[in-house]
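Below: the structure, in structure tokens.
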């Protein structure tokens, strides 16, 4: 069971890293054309080089940033438009505006950058210093598929006793 937890935690770490990269992606690539024949595969989508990366490494490719952003989306249960504004001057083939990835006008984008920096700091300054600590912290560690972190609720413990009624004395229980 511990191995499963480690694999799950590692997956969440990768998801969180990917989501953070999407925050800094430069521009949305146009969709690929549909295949000429029914059996032909569409060419792989090309993502432009990212611009305005502030917390992610500046040497990432557009594909790498896109993959990170997809992981963040999954970890946060969100969509690209959570952090990125639509550009009404850049209409895609579907008739809808494309997203302006370099734009910093959405406060959620700044929040994502701060959260990424926090996660990186936790992993660098704390988790990495614990022997056999397992997988690093990720966006999914707290968010678990929700934009706002879900509050932790401890499961009921059968050994817990209810508080004694006022005026009663309870002898300590030792195990």
Output for the range 107-119, where each listed residue is closer than 16 Å to residue 81 by Cβ and either modelled with pLDDT under 95 or in contact with a helix residue (DSSP H, G or I) (Cβ under 8 Å, 6 or more places away or on another chain) (or both) | 108, 109, 112
State whether one or more residues within the range 126-147 are surrounded by fewer than 12 Cβ atoms within 10 Å (Cβ to Cβ), in a helix (DSSP H, G or I), over 19 Å from the mean Cα position of the chain (by Cα) and at pLDDT below 95.
-> yes
Of the residues in the range 71-94, how many are within 17 Å of residue 115 (Cβ to Cβ) and surrounded by 16 or more Cβ atoms within 10 Å (Cβ to Cβ)?
-> 11
Residues in the range 78-104 that are closer than 23 Å to residue 137 by Cβ and either outside any loop (DSSP other than H, G, I, E, B) or at pLDDT below 95 (or both): how many?
-> 1
Flagged in the range 90-119 as closer than 18 Å to residue 55 by Cβ and free of Cβ contacts under 8 Å to residues at least 60 places away in the same chain, in numbering order, are 103, 104, 105, 106, 107, 108, 110, 111, 114, 118
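The values are calculated or read from the model by the stated rules, or taken from the named source; none is laboratory data. Everything numeric in this text was worked out from a predicted model, so none of it was measured. Neighbour counts run over all protein chains shown; Cβ positions are idealised from the backbone, glycine included.
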